[in-house]
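The values are calculated or read from the model by the stated rules, or taken from the named source; none is laboratory data. Please read all numbers here as calculations on a predicted model, not as lab measurements. Cβ placement follows ideal geometry from the backbone for every residue including glycine, while neighbour counts extend to all protein chains displayed. Surface accessibility is based on the protein's heavy atoms, side chains included, excluding ligands, DNA and RNA. Shrake-Rupley method; radii C 1.70, N 1.55, O 1.52, S 1.80 Å.
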Amino acid sequence: MKIGVLVNEGPYTHEASDSAYNFTKAALEKGHEIYRVFFYHDGVNNSTRLTEPPRDDRHIVNRWSELAKQYSLDLVVCIAAAQRRGIMDENEAKRQGKDAHNIAEGFRISGLGQLVEAGIQCDRLVTFGD
Amino acid sequence: MSDEMDMEEGGVVKQFMFVNRKAPYGTIYALEGLEVVLISAAFEQDVSMAFIDDGVYELKKGQDTKELGQKNFSPTYRALEGYDIEKLYVERESMEARGLTEDDLLVDVVVMDRAELAAKMAEQDVLISF
Amino acid sequence: MLHIVNKSPYERNSLESCLRLATKGSAVLLIEDGVYGATKGGNFEGKVQAAMADVKVYVLGPDLSARGMADRVLDGVSVVDYGGFVDLVAEHSNCQSWL
Amino acid sequence: MPMVEVAGKEFEVDEEGYLVNLADWDENIAGYLAQEEKVEMTENHWEVVNFLREYYSEYQIAPAIRVLTKAIAKKLGPDKGNNKYLYELFPYGPAKQACKIAGLPKPTGCI
């Protein structure tokens, strides 16, 4: 089955990103296709590569990146929500005249249309948030 | 506003319901939720919005954010009609519990009691909640 | 239809709203802080038990165990793991998260 | 961000030349922004720009192009409310160019 996942909260403050990760991993292990994981609202904060949690805690950002690599996942960060919250890829940073970019490996920045499209293409869309 | 609009997805039309349960300004969910709804209009889907619990407050007339320094986005609900998003469902129980009547709302809505709205929700293909 | 509730009923009204709008025959899955709604001895026990006449209630085991509540699950509530969560999503034609 | 002076008034634009403060807008600034876009403003251009400003002030958003054409057709007639007409006036896209000249916020490119 084709499943889309929407993550509306950032890492660490709220369990939403952990739940979404565990759900996504379980779905992949059961042989389902995860069509896309879309990060919206504060969920875009799951994509900053500057995240550095204590060594004895889980690394939420890297965990997503690794899962994306292992399963060729499409991790999409909403551009409008990302711009509000200071998440940028190299192109966007250049376009906005910023001196740095911070998006982690495996994530890409794109438009909200990608969320609607996931809703159209997927058999199910599951939302995680606060 | 974007110059590349009217994206059709191979003629698939799904029923999308955006479920609004949060008050405006206290959190960003109402505003960013509305941004998704506006984008969804470009995909030619069967889109509706449900206003439940504090989501009803999003539609309250007379919002004035001048002293807040936030943008008053309530007039944007009145633009939805021009986007062909005309199915705005308000749950009667939520509205009445908050001491509001239809006259307090800034757009025309369909007021539904909980059983009607529950049935409407159950028949959706995609529910996205904020 | 599958309803997903992730809020403690003692903090927010998500579970109450969900039960108000869940049609007969639908399923409710309690995750994250929502799992407290599926436990014995609290003020919501009666409400959830009454709802189980119309809806099937599930609770996410890992969230229950993390909170030390695994031994207090209400009778009639089924405990699932993440794989079970995925199965519930697949089995129901649509789902709504009561955030 | 860069500052520009037009007709004795200073205003701020962002890296892509969009007006930063909507309240700064006046016809002189619009004229300058049009020049930057290589658009020669005629009465028909002003009509669209003013329409956009009115739409924004009423709804607090810049309309999607489809919504814009429909709304213009309703107000100014079908010979103006169509893509061909609007693209003739603003060859690089009414969203990009007309909104910029009207001083509306930069589209976030959400599709």
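Observations on the structure shown:
- Taking every DSSP beta bridge that has both ends in segment A:2-128, the antiparallel portion is near 5%.
- Degrees between helix A:16-29 axis and first principal axis of chain A (Cα, 0 to 90, nearest 10): 50 degrees
- Using C-alpha pairs under 8 Å with a sequence gap of at least 6, the mean separation divided by the residue count of chain D gives a relative contact order of 26 percent.
- This model, with +1 at the C-beta of Lys and Arg and -1 at the C-beta of Asp and Glu, gives chain B a dipole about its Cα centre of some 560 debye.
- Accessible area ranking (1.4 Å probe, heavy atoms, ligands and nucleic acids excluded), largest first, for B:D84, B:D113: B:D84, B:D113.
- Whole-percent carbon and sulfur share, accessible surface of the protein assembly as shown, 1.4 Å: 45 percent
- Kirkwood estimate for segment A:2-128, i.e. one over the average of 1/r between Cα atoms, Å: 14.5 Å
- Degrees between helix D:65-76 axis and first principal axis of chain D (Cα, 0 to 90, nearest 10): 70 degrees
- Distance from segment B:73-130 to segment A:34-75 (C-alpha centre basis), Å: 34 Å
- Whole-angstrom gap from segment D:39-57 to segment C:1-62, using each part's C-alpha centre: 53 Å
- Taking every residue in C:57-69 and counting other chain Cβ atoms within 10 Å of its Cβ, the average works out to 1.
- Size of charge dipole - chain D - debye, nearest 20, with Cβ of Lys, Arg +1 and Asp, Glu -1, no other charges: 720 debye
- Within the protein assembly as shown, helix-based [θ] at 222 nm, where runs of 4 or more DSSP H residues each add -39,500 (n - 2.57), nearest 500: -9500 deg cm²/dmol
- Proximal aspartates and glutamates relative to B:K87, as straight alpha-carbon distance under 17 Å, when same-chain residues fewer than 8 apart are discounted: B:E35, B:E44, B:D46, B:E58, B:E102, B:D108, B:D113, B:E116, B:E123, B:D125
- Inter-chain shielding of A:77-86 (mean C-beta neighbours from other protein chains, 10 Å cut-off): 3
- DSSP beta bridge pairing in chain B, given as percent antiparallel to the nearest 5: 5 percent
- Using a 1.4 angstrom probe on protein heavy atoms only, the contact between C and A buries about 1600 square angstrom of accessible area, both sides summed.
- Proximal aspartates and glutamates to A:K25, defined as alpha-carbon separation beneath 15 angstrom and excluding residues fewer than eight positions away on the same chain: A:E33, A:E66, A:D74, C:D81, C:D87
- Residue-normalised accessible area of chain A, expressed per residue, 1.4 Å probe, Å²: 40 Å²
- Rounded to the nearest 20, the Cβ-based charge dipole of chain A about its Cα centre (Lys and Arg +1, Asp and Glu -1) stands at 240 debye.
- Positive-end ranking of C:A38, C:S8, C:L19 along the dipole of chain C, with charges on Cβ about the Cα centre, is headed by C:L19.
- Theoretical FRET efficiency, 1/(1+(r/R0)^6), r = Cβ-Cβ of A:N62 and C:N13, R0 35 Å, to 0.05: 0.45
- Whole-number percent relative contact order across segment A:52-109, with pairs defined as alpha carbons under 8 Å at least 6 apart: 40 percent
- In percent, rounded to a whole number, the relative contact order of chain A is 36, using alpha-carbon pairs under 8 Å and six or more apart.
- The protein assembly as shown - share of DSSP beta bridges that are antiparallel (%, nearest 5): 15 percent
- Across segment B:33-130, counting alpha-carbon atoms alone, Rg and Dmax equal 13.7, 42 Å.
- Electrostatic tally near C:S93: other residues with Cβ closer than 11 Å to its Cβ, Lys and Arg +1, Asp and Glu -1, net -3.
- When each of B:K14/C:K47; B:K71/C:K47; D:K9/D:K96; D:K38/D:K70; A:K98/D:K80 is checked by Cα-Cα distance, pairs over 30 Å: B:K14/C:K47; B:K71/C:K47; A:K98/D:K80
- Extreme residue, positive dipole direction of the protein assembly as shown, given options B:T65, D:N50, C:S93 (C-beta unit charges): C:S93
- FRET E, pair C:A50, D:S57, Förster distance 45 Å, beta-carbon r, rounded to 0.05: 0.30
- On Cα atoms only, tilt of A:60-71 relative to the major axis of chain A in degrees: 60 degrees
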